[in-house]
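Note sheet for the following structure.
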There are 2 protein chains.
Amino acid sequence: MENAPIRIALVDDQKLFRGGMKMILADRPDFEVVFEAKNGKQFFERLAFEPVDVVILDVEMPEMDGIETLERLRTTHDDIRVIMLTMHDSDRLINHLMELGANGFLLKDEDPDIVCKAVERVAAEGIFFRDYVSKALLKNNRNKMNIGSLIKPKISDREMEVLQLICKEFTSKEIAEKLFISYRTVEGHRRSLQEKTGSRNIVGLVMYAVQNGLV
Amino acid sequence: MENAPIRIALVDDQKLFRGGMKMILADRPDFEVVFEAKNGKQFFERLAFEPVDVVILDVEMPEMDGIETLERLRTTHDDIRVIMLTMHDSDRLINHLMELGANGFLLKDEDPDIVCKAVERVAAEGIFFRDYVSKALLKNNRNKMNIGSLIKPKISDREMEVLQLICKEFTSKEIAEKLFISYRTVEGHRRSLQEKTGSRNIVGLVMYAVQNGLV
DNA sequence: CAAAGAGTAGGTATAAACACCTATTCAAAC
DNA sequence: GTTTGAATAGGTGTTTATACCTACTCTTTG
């Protein structure tokens with residue numbers, strides 16, 4: 001919902017792959033690819049001058065690979081969200097990356113739309129992963145993460161009420177009348193819903209509600 | 001999407017049932033129950049002075065029952081949409097009613113939300129039925145209706161393109177830039193989409209898209 | 001060849017949504 | 001007992017969406 005776009009850095013050793021990713025990300029007006037890098041070393045050089053919100057980081061790279069880069073990044077920048085990319089669907093790798101503080105994990109043969117969703121979600125909620133990641137994490141009982149609290153933003157009871165009514169095509173004014181509150185309050189709830197779900201507008205809110213089975 | 005509400009007549013011999021239905025329908029700001037009647041006779045008396053868009057018609061009634069009422073209505077008012085209500089889930093009855101020109105069929109122990117949806121859909125698309133109705137119709141090979149063409153409004157290619165982009169949270173202006181057309185044209189497409197899907201606003205459009213697997 | 005429908009686009013409004021603020025109250029949690 | 005979060009609500013703009021019009025150009029279809 002913010003005016004400021006989500007600033008993205010793209011780190012992968014293959015130029016063609018980076019180009020493809022840029023095209024995929026260009027589909028989203030609220031995304032901005034600030035810079036690319038072909039390895040971790042180059043990434044840190046650029047990062048010093050150009051801050052980003054999200055890094056899409058390939059695991060397999062020459063010079064300074066994704067794991068090394070992630071480790072070093074976590075010692076200096078705790079606020080930057082990292083989505084790890086790899087070709088290998090290995091439970092051990094997933095667990096390792098998550099423990100190192102990755103915010104998301106994606107396979108390289110994933111659907112393009114998923115990448116955008118991943119960026120959106122890590123930016124808004126701090127975490128994104130697909131079902132295979134959940135499975136891997138569940139297998140690992142030495143897991144230190146509190147997954148439950150991270151998976152979904154906590155939507156309050158009142159916000160949920162408002163969200164349900166929004167999905168029934170009521171306007172803010174109508175919802176206010178139904179709930180006997182000011183329409184400014186309804187707007188407040190909707191605004192906080194947009195923040196929590198990482199939506200640009202009411203459409204994103206409705207999509208979120210449907211996709212998460214809230215309606 | 002129209003400003004004008006959907007005008008509804010409620011025909012059932014039980015006053016309490018009519019009252020309950022009115023409460024259910026009152027949940028929708030775009031619905032207006034113009035009048036009630038306790039049988040077909042009374043219904044036609046009121047209809048002469050108060051036009052309606054949709055009639056919710058009970059099958060079982062004294063004096064002039066739902067079937068008789070439906071038959072007579074089809075000789076004079078072809079444009080009024082009729083939703084038949086009954087307690088009995090009989091394939092023969094369903095087929096008979098549909099052949100007589102009913103636009104929808106609902107069981108009396110249906111979920112309240114379904115009633116609103118039925119009204120919305122018959123008003124917008126001319127037809128609404130649940131899965132058990134489809135089954136009944138399929139069993140009947142002497143069926144004269146062209147069901148396929150009635151079930152869903154035909155959304156054109158360009159409209160579908162616009163709808164997809166709307167669901168990706170793009171504004172009309174952004175969609176216009178993407179498709180190299182004027183934003184007035186995009187608005188035109190969206191407007192016609194709203195008409196076809198019977199939506200009040202962009203939220204209804206998104207809900208329709210999701211529920212019909214268009215996204 | 002006339003009629004219908006899709007796609008295009010503009011005029012002129014109002015209504016709703018959105019952004020960015022502040023501020024109070026109240027209950028729960030630490 | 002202070003802090004935090006949820007719910008409340010107002011101010012003040014800008015941007016989008018919506019309503020209700022008209023009208024032109026195509027292509028398809030009867």
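The values are calculated or read from the model by the stated rules, or taken from the named source; none is laboratory data. Nothing here was measured: the structure is a model prediction, and the numbers come from that model. Side chains are part of the model used for accessible areas, which takes the heavy atoms of the whole protein and leaves out ligands, DNA and RNA. Shrake-Rupley method; radii C 1.70, N 1.55, O 1.52, S 1.80 Å.
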| field | the stretch B:157-211: radius of gyration and largest Cα-Cα distance (Dmax), Å | value | 10.1, 29
| request: Give the distance, in whole Å, between the Cα centre of the stretch B:192-215 and the Cα centre of the stretch B:9-46. | output: 27
| task | Using protein chains only (no ligands, no nucleic acids) and a 1.4 Å probe, work out which residues of the stretch A:189-206 have their accessible area cut by at least 10 Å² relative to the chain alone. | result | A:Arg200, A:Asn201, A:Ile202, A:Val203, A:Gly204, A:Val206
